[in-house]
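The values are calculated or read from the model by the stated rules, or taken from the named source; none is laboratory data. What you are looking at is a predicted structure, and each value in this text was computed from that prediction instead of being measured. A quick note on method: Cβ atoms are made from the backbone with ideal geometry, for glycine too, and the neighbour counts reach across all protein chains shown. Only protein heavy atoms, including side chains, enter the accessible area calculation; ligands, DNA and RNA are left aside. Shrake-Rupley method; radii C 1.70, N 1.55, O 1.52, S 1.80 Å.
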Amino acid sequence: GYVAVLDTTLTPDLLAEGLVRDLTHYLQDARKKAGLAIEDSISLWLATDAELAATLERFTASIKDETLARDLTLRVSAELEGAPADAYREAIPAAKLGGHALTLALVKR
């Protein structure tokens, strides 16, 4: 017989990847709620706390790839600034994103 040993330790890198995966899910859901087609490119704005913003900066390329975002503006703020008035907006409560609240806005490009 064989024995397999798995290390189930949650490292900071694994936790960060999980947060990004969760955020990507919420962004895809927001695209759907905004009525966008699967192939539509977007402009994306995110506002969150400094800790989550630092994590998201490391994964900007993959977030953009997964959500078809041509550009992504990341703010360390409780308020979303710079997004057009007609942008689809949504707040993700801290309980759904690892203790980090986030506000997003997106528009079709």
| task | Check residue 101 against each of (1) under 30 Å from residue 10 (Cα atoms); (2) buried (at least 17 other Cβ atoms within 10 Å of the Cβ); (3) touching a residue at least 40 places away in the same chain (Cβ under 8 Å); (4) aliphatic (A, V, I, L, M) and name the one condition it does not meet. | result | (2)
| So which of 4, 61, 37 ends up being under 16 Å from the mean Cα position of the chain (by Cα), farther than 18 Å from residue 101 by Cα, loosely packed, with under 11 Cβ neighbours inside 10 Å and free of Cβ contacts under 8 Å to residues at least 12 places away in the same chain? | 61
| Filtered residues of segment 37-52 (kept if in a loop (DSSP other than H, G, I, E, B) and touching a strand residue (DSSP E or B) at 6+ places or on another chain (Cβ under 6 Å)) | 40, 41
| said: Return the residues of segment 1-46 that are among the polar types (S, T, N, Q) and more than 24 Å from residue 73 (Cβ to Cβ); say none if nothing qualifies. | reply: 8, 9, 11
| message | Whether any residue in segment 88-107 is in contact with a Ser or Thr (Cβ under 8 Å, 6 or more places away or on another chain), not aromatic (Phe, Trp, Tyr) and not in a strand (DSSP E or B) is what I want to check. | response | yes
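Answer yes or no as to whether residue 22 is open to solvent by 50 Å² or more (accessible area, probe 1.4 Å) and of a type outside the set (Ser, Thr, Tyr). If you could, list the steps in order and put the result at the bottom.
Working: open to solvent by 50 Å² or more (accessible area, probe 1.4 Å): yes; of a type outside the set (Ser, Thr, Tyr): yes.
Judged against the criteria, residue 22 is a match.
Right, residue 75: part of a helix (DSSP H, G or I) and not aliphatic (A, V, I, L, M) or not?
Details: part of a helix (DSSP H, G or I): no; not aliphatic (A, V, I, L, M): yes.
No; evaluated as a whole, the condition is false for this residue.
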